[in-house]
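Below is one structure, written out as structure tokens; the observations come after it.
The values are calculated or read from the model by the stated rules, or taken from the named source; none is laboratory data. Predicted model, so just to flag it, every value in this text is computed and none were measured. Here the Cβ positions follow ideal geometry from the backbone for every residue, glycine too, while neighbour counts run over all protein chains shown. With ligands, DNA and RNA removed, areas are computed over all heavy atoms of the protein, side chains included. Shrake-Rupley method; radii C 1.70, N 1.55, O 1.52, S 1.80 Å.
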Amino acid sequence: MMSAFPVLPDGLRRSVESHGAAGAAWLAEVPGLVMECAEAWHVDLGYAIDRPGEVLLVRGRGRSGPVVIKIRPPWSDLAPEASVLSAAHGRGYSHLLDVDETRRALLLEGLGQELDVAAVEAREGIAGVADILIKTLQQAWTVPLNAALRSCSPASDLKQTILAHPAPDGIPDCGRAVERALAYADQRLADTDPVREVVVHGDPKPATLRSVQSPRPGAESGYVFIEPNCFRSDREYDLGVLLRDANRVLLSAEDPVVFARRWCAEVAEATGCDAEVIWQWSYVQRVALGLRLSNGPEPLAGRSYLQTATALISRVRG
């Protein structure tokens, strides 16, 4: 391990520089912030983690083992994540070891690698990936409701995203997919029930899972989540995300509708959730994300989501 300030990843630098003068000012402060945190928390610094985004992550070693120093820029709110991680006590999430509000920094347990989806699928199929995600979510859902500081209506937010982005040309039945997503969003709005709410992760895709260094309570799956979005909704919202991103699997299935409906039924049985609600959340999320990506920097990825959405309503039972 090295004790000098690590090299900033190029991706982080480019993302932060897009904020102009504010970004440049924060980048100038970062070396001092990192060194001050390392001194206060008795951390020997390692290297900065190169991943997309505007948050600096630096690996290091503290008195009790591997740690990560996470520092947010001034325009990013530290409190929601700190609140959920503090209340989780490591159940389904990385352990929060300390907080420095002045420097907008968190000290987190050091974790291992991202879930290797290809390796798990090769051994156990897509069900193996889903099993790890679901077991980890069941731990994460135990976070007390008052830990969620963000107040939002996910169905309303997704509906507004859909309405704000035009459907791209060249995708047959895309208009019908948008109409179906808006109808499902309205059903989710009408069915809002605080009694069913938990603190959801909000985006529990495999890229947000990391392996723990050794077995421990709260990480029975061998993994925990990072980067919680920290709001309240029903559990089916998180489960919908798992199906939302399965474009490759669905488009290669002999019958995408049957495959997706069966998957929802199996997950609902395993979790005690409602299969139809999982289906609806996944559909609204898929169309909203597809439209946003299609009208943004990733149009090809967006079209994949929308093409999958149209495949899922190509039959009456869909």
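Here are the numbers for this structure:
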| item | result |
| --- | --- |
| Rel. contact order, % - alpha carbon contacts under 8 angstrom, at least six apart, the chain | 16 percent |
| Cut-off of 10 Å, at most 14 other beta carbons, DSSP loop: longest stretch of the chain lacking such trypsin sites (Lys or Arg not before Pro) | 64-314 |
| Residue-normalised accessible area of region 242-318, expressed per residue, 1.4 Å probe, Å² | 43 Å² |
| Gyration tensor (alpha-carbon) shape descriptor, region 69-179, a/c threshold 1.5 | oblate |
| Of the GluC sites (Glu not before Pro) in region 216-262, those whose Cβ has at most 16 other Cβ within 10 Å and which sit in DSSP loop | E220, E254 |
| Residues whose placed amide H lies under 5 Å from that of D255, excluding near-sequence neighbours | none |
| Rounded, prolate or oblate (a/c below 1.5 giving rounded, otherwise prolate when a/b exceeds b/c) for region 1-132 by Cα gyration tensor | prolate |
| Region 155-196, accessible surface, carbon-and-sulfur percent (1.4 angstrom probe) | 52 percent |
| Probe 1.4 Å, accessible area per residue of region 1-120, Å² | 48 Å² |
| Region 1-142, accessible surface, carbon-and-sulfur percent (1.4 angstrom probe) | 51 percent |
| Average Cα contact separation per residue, region 201-249, under 8 Å, 6 or more apart, as relative contact order % | 48 percent |
| GNM flexibility winner over the chain from A185, A265, A140 (Cα, springs under 10 Å) | A265 |
| Anisotropy class of region 122-229 from Cα gyration tensor, a/c 1.5 cut | oblate |
| Residue-normalised accessible area of region 152-236, expressed per residue, 1.4 Å probe, Å² | 46 Å² |
| Most mobile of A82, A260, A301 in a GNM of the chain (Cα contacts under 10 Å) | A301 |
| Accessible-area composition of region 247-318, carbon plus sulfur, in percent [1.4 Å probe] | 52 percent |
